[in-house]
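Here is the structure we will look at, set down as structure tokens.
The values are calculated or read from the model by the stated rules, or taken from the named source; none is laboratory data. Predicted, not measured: the structure shown is a model, and the values here were computed from it. Heads up, the Cβs are rebuilt from the backbone with ideal geometry, glycines too, and the neighbour counts pull from every protein chain shown. Side chains are part of the model used for accessible areas, which takes the heavy atoms of the whole protein and leaves out ligands, DNA and RNA. Shrake-Rupley method; radii C 1.70, N 1.55, O 1.52, S 1.80 Å.
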Amino acid sequence: MASSPLATRPHLLECQDCGTFQRLPAMPPNARAICPTCDAHLRHSRADPFSLPLALNVAALIMFGVGAFWTLLSVSTAGQFHDADLLTGPERLRGFGLWELSLVVLATTFAAPLARILCMIAVLTGLRLPRRPPGIRMMFGWIEHLRPWSMVEIFLLGLFVAYVRLSGIVHIDLGPAILALGTLTVTMLAGDIMLDEHAVWEALDAGKRREVPSPTLAGPPGMTSHRMGCDTCGHVARGRDGTLCPRCGFELHHRKPDSLIRTWSLVLASLILYIPANVYPILTVVRLGTGQPSTILGGVRELMRIGQWPLALLVFFASVAVPVLKLAGLILLLTTTMARVRGHRRDRTVLYRVLDAVGRWSMIDIFMESILVALVQFGAVVTVTPGPGAIAFAAVVILTMLAARTFDPRLIWDHAARAPDPVRAGEPA
């Protein structure tokens with residue numbers, strides 16, 4: 001392989017949470033680097049950052065094939081029988097005219113996980129070849145951007161909620177795909193843990209002469225030149241906003257463009273959509289000709305009625321509390337940043353990390369609905385139909401996720417007195 005993981009090179013990087021430039025020393029295997037300013041995780045070196053993640057991702061690909069196309073659940077009642085795989089839910093949602101919801105479920109449970117696995121296998125395999133395949137750098141850059149939208153583990157939790165709700169309506173049999181998706185979740189998590197992204201970028205850079213200091217990048221005339229760390233690969237160069245990173249090909253920005261305005265817009269849109277998401281039903285269960293629409297809170301009450309208090313609390317936290325707390329947290333971050341508040345900078349940065357991490361778990365209700373709609377179509381006996389509230393709720397989850405991604409936590413620190421840059425005075429970057 002191009003570089004030895006036992007001897008990482010020292011390099012300059014920018015903490016993406018506080019904007020501090022730091023020169024990381026060479027690190028031994030299984031060592032951690034933490035930002036001294038905001039406690040952000042900077043790097044975790046590994047003794048084998050290539051072979052083990054490659055093996056885990058190959059195993060994940062096999063499990064994905066089983067989990068995607070084999071049976072997840074089979075249900076039967078009154079002599080009728082239905083089963084569902086990973087693609088049945090999106091197909092049924094599209095049949096009800098909810099193509100927007102169908103695309104969301106398909107992208108987050110099928111397209112994004114598959115793309116992540118294939119890109120990771122292609123990159124880690126390409127590192128073993130004498131010549132790097134074209135586009136391998138941008139492919140590895142896309143893996144990080146796909147990470148929050150890959151939601152197999154959340155789908156499994158939604159599947160469990162659907163199983164509990166179905167148990168009182170129909171007879172249920174578990175399919176082999178559930179075990180495969182569970183194994184897929186574990187192998188993908190293990191692959192992410194064992195991967196050292198910086199080691200991969202170092203291996204991709206091996207054989208290519210690196211300029212030290214980094215070259216100045218040309219950009220549109222009249223724009224200020226900044227020293228910038230790439231949000232995708234971590235490469236630091238001096239250039240102008242909008243120029244392309246010489247390492248991965250993604251755009252470089254001193255700060256995320258129009259961060260506060262874009263985040264406010266997404267938060268306000270989420271607040272508006274949150275009302276119909278909770279007022280309108282997300283599904284309707286009709287059994288023997290009778291039934292009534294159910295909202296998100298109605299689903300929580302149904303779980304409580306059948307004695308599933310822990311699951312009811314989980315759904316309430318993920319689908320009701322998390323969106324409210326995330327919107328409140330984003331508004332707090334926006335207002336304190338715009339007011340140039342200097343206090344509690346580290347606490348607000350930690351709050352941002354939490355908001356960025358937990359928002360995706362609100363998709364539990366959407367995945368539960370896709371399973372119920374896929375399986376419970378038994379005519380006059382029992383039928384589940386999706387409601388308009390599901391579209392509004394999915395939009396709230398996606399918009400709040402985008403809001404967290406567009407907010408730049410470095411703005412929290414920009415107006416604060418900061419220690420001198422760790423790069424030596426007079427040393428160009």
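Structural remarks
- Rounded percent of accessible protein surface that carbon and sulfur make up, the stretch 237-356, 1.4 Å probe: 66 percent
- Per residue accessible area in Å² of the chain, where ligands, DNA and RNA are left out and the probe is 1.4 Å: 45 Å²
- Per-q log10 I(q)/I(0), the stretch 329-422, q = 0.14, 0.17, 0.19 Å⁻¹ (Debye; single scatterer per alpha-carbon; no solvent): -0.65, -0.80, -0.90
- Extreme residue, positive dipole direction of the chain, given options MET338, ILE391, VAL123 (C-beta unit charges): MET338
- Charge dipole (Cα centre; +1 on Lys/Arg Cβ, -1 on Asp/Glu Cβ; no other charges) of the stretch 287-407 amounts to roughly 620 debye.
- Choice from ALA190, ALA374, ALA339 with maximal GNM fluctuation in the chain (Cα, 10 Å cutoff): ALA339
- As a ratio to 2.2 N^0.38 Å, the alpha-carbon radius of gyration for the stretch 233-332 is 1.71.
- Carbon + sulfur, % of accessible area of the stretch 43-181 - ligands and nucleic acids excluded, 1.4 Å: 68 percent
- Estimated inter-spin distance, ARG305 and SER74, nm [label 7 Å along Cα→Cβ]: 3.0 nm
- Coarse-grained scattering of the stretch 1-127 at q = 0.16 Å⁻¹, given as base-10 log I(q)/I(0) from a Debye sum over alpha-carbon atoms: -0.94
- Per-residue ellipticity at 222 nm, computed for the chain from helices alone with -39500 (n - 2.57) per DSSP H run of at least four residues, works out to -15500 deg cm²/dmol.
- Each part reduced to its alpha carbon centroid, the stretch 53-106 and the stretch 314-393 end up 22 Å apart.
- What the Cα convex hull of the stretch 49-99 gives, in volume per residue, is 94 Å³.
- Between 0 and 90°, nearest 10: helix 389-406 axis offset from the chain longest Cα axis: 10 degrees
- In the chain, inverting the average of 1/r over every pair of distinct C-alpha atoms gives 23.7 Å as the Kirkwood radius.
- Under the convention that each Lys and Arg Cβ holds +1 and each Asp and Glu Cβ holds -1, the size of the dipole of the stretch 251-349 around its Cα centre is about 400 debye.
- Point-charge dipole on Cβ atoms (K/R +1, D/E -1) for the chain, about Cα centre, debye to 20: 1080 debye
- For the chain, the longest principal axis of the C-alpha atoms and the axis of helix 176-194 are separated by about 20°.
- Normalising the Debye intensity of the stretch 74-157 to I(0), with uniform scatterers on Cα atoms only, and taking log10 at q = 0.13, 0.23, 0.26 Å⁻¹ returns -0.57, -1.05, -1.16.
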